[in-house]
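The values are calculated or read from the model by the stated rules, or taken from the named source; none is laboratory data. What you see is a predicted model, and the numbers here were worked out from it, not measured in a lab. Note that we place each Cβ from the backbone using ideal geometry, even for glycine, and neighbour counts take in every protein chain shown.
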Amino acid sequence: MRIGEVAEQAGVSVRALRYYEEQGLLGATRTGGGQRQYPEGAVARVRMIQQLYAAGLASRLVREVLPRCMNEGPSPIGFTDSLITERARIDRQIGDLTAVRARLDEIIAVATDPSHPHHSHPVRGAAASTA
């Protein structure tokens, strides 16, 4: 398959396919004219790469786990440990984002509720008392 065909069927850009190739995630041969030619199964592989990226995995980890996800061989040593570590990283990010959202909710509450104790009120009559 040519690069445009794979991109269209997989729902990704041609640029993404080139990036996957640079990262060692996707292989292609070259025709006599220098065009990329992808093997059967390239679309399924690209879709799996997309799923792994969507799960928050870095290219290094995608490269490590992709063969196993595609049933291309035995699991690499530490396969599960790497995924568990990545999940813990994502859990920390979720915790951080939850804390940020809670602070934002507090700011919104203060800003929208004039009776909130921390809501700043202009001092009434301040201009008149300084005259």
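All but one of (1) under 30 Å from G4 (Cβ atoms); (2) among the hydrophobic types (A, V, I, L, M, F, W, C); (3) outside the structural domain of M1 (by TED's automatic domain parsing) hold for V43, so report the exception by its number.
V43 satisfies every listed condition except (3).
Does any residue in the stretch 19-35 that is under 15 Å from P67 (Cα atoms) come within less than 8 Å, Cβ to Cβ, of a residue that is in a loop (DSSP other than H, G, I, E, B) and among the aliphatic types (A, V, I, L, M) six or more places away or on a different chain, and which pairs are these?
So the pair list comes out as Y20/L26; E21/A28.
Considering only the stretch 12-56, state which residues are in contact with an Asp or Glu (Cβ under 9 Å, 6 or more places away or on another chain), surrounded by fewer than 19 Cβ atoms within 10 Å (Cβ to Cβ) and aromatic (F, W, Y).
none
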